[in-house]
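The values are calculated or read from the model by the stated rules, or taken from the named source; none is laboratory data. The model shown is predicted, which means the values in this text are computed figures rather than measured ones. Methodologically, a virtual Cβ is constructed for each residue, glycine included, from the backbone with ideal geometry; neighbour enumeration extends over all protein chains shown.
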Amino acid sequence: MPEIRHNIITREWVIIATERAKRPEEFAKANPRRPPSVAHDPKCVFCPGNETLTPPEVFRIAQDGAWQVRVVPNKFSALDAAGELTRRSEGIKRVISGVGIHEVIVETPAHDRPPALQSEAEYERVIQAYRQRYDDVTRDPRVAHVTLFKNHGERAGSSLEHPHSQLVGTPIIPPQVRDRMENALRFYDETGDCIFCSVLSDELVDQVRVVTQTEHFVAFLPFAALTPFHLWIFPLRHRASFLEATEEELADLARLLRSIQRKFYFGLENPDYNLSIRTPPREASGLKYYHWYVSLIPRVTRVAGFEIGSGMFINVALPEKSAEFLRNTPGEPART
Ligand SMILES: [Zn+2]
Ligand SMILES: [Zn+2]
């Protein structure tokens, strides 16, 4: 019989459809590897030589005079960076002016080098850029919350091939973030514990859903994983915000995240995926009840009517089996 599992952190219920379950390796076939593209595309706006095609750069990490990571405002920004924050109500309708920050983090000058193919040193610079921009943008008084994410591949919502991530600073706190903070606060009031630390220690006892553990982070599949290979990466020690991560922790995170993306690339045939840094608003730094983390969702299955109609998910893979598969997947190309 299928099982309906509850995620205590998100309060989501997920149908784990064991009878429809596929073997983990079947998901790789569903989304075959795209052929490698060129290292430099003269038509790509993010490739070196085309810097004038983007809005002026706001941040860069350079080496020997050449940029390695570059951050620019999104040319097709969802929000206006220059406006003033205003609010108005008309009857039951509420409107806030669409001000905010929308930036693109160009991860590498190489058009054909996604995180899985970057060196550890290269990917560490990407994570440093994430933190630096997160720190800067959250200081904007109009910004209430920053969402930092990466869409890899078309099924994940990316239209540009050049490896990049995005950051959106909104003048409101998204209701989903607010709900999770309230839920975590309630748990803390009732138990005196951080709900994330509690889930993490439970996972470390069970071990069956843990994929990798490093000195500072644990990568595991949630008990009620939404999709096959839905992965969470939690800081091992309690940290409320991404801003609290030390340099050493950021370097450790970069190594771990790169190795996970290599497992996807080589073990699941380079699936499309979404990565996001889930961290609370800046003023939540230091809170005892909230805990930042990274979420990775490979798009190996499609979201359809049931998910959209109910907000509930059907996962056709057993999280324990998916975790075992990822544990045993080397982050290296198969030898032939
Ligand atoms: Zn490019
Ligand atoms: Zn915690």
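Somewhere in the range 169-183, is a residue part of a strand (DSSP E or B), under 28 Å from residue 13 (Cβ atoms) and modelled with pLDDT of 95 or more? The answer is yes, given that some residue of the range 169-183 is part of a strand (DSSP E or B), under 28 Å from residue 13 (Cβ atoms) and modelled with pLDDT of 95 or more. Failed condition for residue 103, given (1) buried (at least 16 other Cβ atoms within 10 Å of the Cβ); (2) among the charged types (D, E, K, R); (3) without any contact (Cβ under 8 Å) to a residue 24 or more places away in the chain, with all others met? Against the list (1) buried (at least 16 other Cβ atoms within 10 Å of the Cβ); (2) among the charged types (D, E, K, R); (3) without any contact (Cβ under 8 Å) to a residue 24 or more places away in the chain, residue 103 comes up short only on (3).
Does residue 242 satisfy the condition of being within 16 Å of residue 278 (Cα to Cα) and away from ligand 1 (no atom under 16 Å from the Cβ)? Steps first, please.
On the way: within 16 Å of residue 278 (Cα to Cα): yes; away from ligand 1 (no atom under 16 Å from the Cβ): yes.
Spelling it out, residue 242 is indeed within 16 Å of residue 278 (Cα to Cα) and away from ligand 1 (no atom under 16 Å from the Cβ).
For the condition crowded, with 22+ Cβ neighbours inside 10 Å, touching a residue at least 60 places away in the same chain (Cβ under 8 Å) and in a helix (DSSP H, G or I), what is the one hit in 250, 326?
Details: 250 fails: crowded, with 22+ Cβ neighbours inside 10 Å.
Just a single option satisfies the conditions, and that option is 326.
Can you spot a residue in the range 54-71 that is in a helix (DSSP H, G or I), at pLDDT below 95 and over 18 Å from residue 166 (Cα atoms)? Among the residues of the range 54-71, not one is in a helix (DSSP H, G or I), at pLDDT below 95 and over 18 Å from residue 166 (Cα atoms), which makes the answer no.
Table: residues versus (1) more than 16 Å from ligand 1 (Cβ to nearest atom); (2) surrounded by 19 or more Cβ atoms within 10 Å (Cβ to Cβ); (3) more than 16 Å from residue 137 (Cβ to Cβ).
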site: 46; (1), (2), (3): no, yes, yes
site: 50; (1), (2), (3): no, no, yes
site: 64; (1), (2), (3): yes, no, yes
site: 93; (1), (2), (3): yes, no, yes
site: 114; (1), (2), (3): no, yes, yes
site: 117; (1), (2), (3): no, no, yes
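For residue 332, the test of being closer than 23 Å to residue 212 by Cβ, touching a residue at least 60 places away in the same chain (Cβ under 8 Å), surrounded by fewer than 13 Cβ atoms within 10 Å (Cβ to Cβ) and charged (D, E, K, R) is passed. Where residues in the range 1-52 are part of a helix (DSSP H, G or I) and at pLDDT 95 or above, which of them is farthest from ligand 2 (Cβ to nearest atom)? Taking the candidates together, the pick is 52.
Restrict the check to the range 299-318 and report whether at least one residue is on the phi < 0 side of the Ramachandran plot, under 15 Å from the mean Cα position of the chain (by Cα) and either more than 16 Å from ligand 1 (Cβ to nearest atom) or surrounded by fewer than 22 Cβ atoms within 10 Å (Cβ to Cβ) (or both). First the steps, then the outcome.
So the first thing to find is which residues in the range 299-318 are on the phi < 0 side of the Ramachandran plot, and the list is 299-310, 312-318.
Retained after the next criterion (residues that are under 15 Å from the mean Cα position of the chain (by Cα)): 299.
Okay, now just the ones that are also either more than 16 Å from ligand 1 (Cβ to nearest atom) or surrounded by fewer than 22 Cβ atoms within 10 Å (Cβ to Cβ) (or both), so 299.
Taking every residue of the range 299-318 in turn, at least one turns out to be on the phi < 0 side of the Ramachandran plot, under 15 Å from the mean Cα position of the chain (by Cα) and either more than 16 Å from ligand 1 (Cβ to nearest atom) or surrounded by fewer than 22 Cβ atoms within 10 Å (Cβ to Cβ) (or both).
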